[in-house]
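As structure tokens, the structure follows; a few thoughts come after it.
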Amino acid sequence: MNLAKNKWIPLTILLVLIVFVFVYLFIFNSNDETERFASEPIAGCVVMNDRGHYEDSVDVVFLAENYNDMGKFVSDSETFRDGFLDVFPYSEYSERFNFFRLESFENLGCEYDGEYEGAVVCDPATVKKKSLSCPADYYIVLVDINGVRNFFDHLRSSAWRGVASLNVADDPLVFPHEFAHLFADLHDEYAWEGGSIFGESPNCDDEFASCPQFEEVRGSECHIGCVNNRHARS
């Protein structure tokens, strides 16, 4: 028996297994970012509105940040959902939305201010990882700013990479506003110093003198000021 040769057999088998696992995880079992983590609600996911048909519905999940009262979070999530469904055009398609809620207090990697200039921004990767139990296209983090900011130093809501981080001290209309950023890639129709647009925007035209982008809409006008003064809004 060749002991010198046989001693490499276990190592060879281990290397083959590692290569197999790598190939399976990163090639055969890869998913794109739009795939839902759960095909239906499972334990830990609380149903708010559920018409089913998850693959052709818009599935929205609420998460809590900086709350210490679960009852308040539950109430806020219902208030923001109801306000959202009262706003056109979402109100016309209310039957196409499913809403879910995670009734737990987790660290969602949220930053207050920092590099985001007065806005709260929660980490998309962390938020999505915490939401594995719910079907989800969009993630809405409700942020209770109590203890974070005083009343006169307002913390702005934000939308980034499929996640809206909402200051619940805002009017519930902030939800449909931030959702429009996520759902339709719409930009803010006001200008601010340093505002930039990367890529195309359906509601901001860089030909700001004539706005040919809006010509197909009857009665549309052209007003300078859409994120910056180098773009115009309808």
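The values are calculated or read from the model by the stated rules, or taken from the named source; none is laboratory data. Computed from a predicted structure; not experimentally measured. Cβ coordinates were reconstructed from backbone atoms using ideal geometry, including for glycine residues, and neighbour counts include every protein chain displayed. Side chains are part of the model used for accessible areas, which takes the heavy atoms of the whole protein and leaves out ligands, DNA and RNA. Shrake-Rupley method; radii C 1.70, N 1.55, O 1.52, S 1.80 Å.
Before we move on, is THR126 in contact with a Gly (Cβ under 7 Å, 6 or more places away or on another chain), modelled with pLDDT of 95 or more and open to solvent by 20 Å² or more (accessible area, probe 1.4 Å)? In short, yes. Checking the range 175-192 against the condition returns no match, with no residue being more than 16 Å from the chain's Cα centre (by Cα), at negative phi, in a loop (DSSP other than H, G, I, E, B) and without any contact (Cβ under 8 Å) to a residue 12 or more places away in the chain. For the range 147-164, check the following and say yes or no: at least one residue is open to solvent by 30 Å² or more (accessible area, probe 1.4 Å), in a loop (DSSP other than H, G, I, E, B) and at pLDDT 95 or above. No; the residues of the range 147-164 include none that is open to solvent by 30 Å² or more (accessible area, probe 1.4 Å), in a loop (DSSP other than H, G, I, E, B) and at pLDDT 95 or above. Taking the conditions exactly as written (in contact with a Lys or Arg (Cβ under 9 Å, 6 or more places away or on another chain), at pLDDT below 95 and of a type in the set (Phe, Trp, Tyr)), does PHE214 satisfy them or not? Judged against the criteria, PHE214 is a match.
Among the residues of the range 77-110, those that are surrounded by 14 or more Cβ atoms within 10 Å (Cβ to Cβ) and farther than 13 Å from PHE175 by Cα comprise PHE97, ASN98, PHE99, PHE100, ARG101, LEU102, GLU103, PHE105, GLU106, LEU108, GLY109, CYS110. Scanning the range 66-76 for residues that are touching a residue at least 40 places away in the same chain (Cβ under 8 Å) and assigned to a helix (DSSP H, G or I), which turns out surrounded by the most Cβ atoms within 10 Å (Cβ to Cβ)? Ranking the candidates gives PHE73 first.
Restricting attention to the range 38-65, the residues that are among the small types (Gly, Ala, Ser) and part of a strand (DSSP E or B) total 1.
Output the residues belonging to the range 165-204 that are in contact with a strand residue (DSSP E or B) (Cβ under 9 Å, 6 or more places away or on another chain), among the small types (Gly, Ala, Ser) and loosely packed, with under 15 Cβ neighbours inside 10 Å. Those that are in contact with a strand residue (DSSP E or B) (Cβ under 9 Å, 6 or more places away or on another chain), among the small types (Gly, Ala, Ser) and loosely packed, with under 15 Cβ neighbours inside 10 Å: GLY194, SER196.
The residue that is farthest from VAL60 (Cα to Cα), among those in the range 82-97 that are in contact (Cβ under 8 Å) with a residue 40 or more places away in the chain and not charged (D, E, K, R), is VAL87.
Say we look at the range 213-234 and pick out the residues that are polar (S, T, N, Q) and either within 27 Å of the chain's Cα centre (by Cα) or closer than 18 Å to GLU200 by Cβ (or both); which of these is least open to solvent (accessible area, probe 1.4 Å)?
Here is the first cut: in the range 213-234, the ones polar (S, T, N, Q) are 213, 220, 228-229, 234.
If we keep only those that are either within 27 Å of the chain's Cα centre (by Cα) or closer than 18 Å to GLU200 by Cβ (or both) as well, we get 213, 220, 228, 234.
Details: GLN213: 87, SER220: 42, ASN228: 8, SER234: 64 Å².
Among residues in the range 213-234 that are polar (S, T, N, Q) and either within 27 Å of the chain's Cα centre (by Cα) or closer than 18 Å to GLU200 by Cβ (or both), the one least open to solvent (accessible area, probe 1.4 Å) is ASN228.
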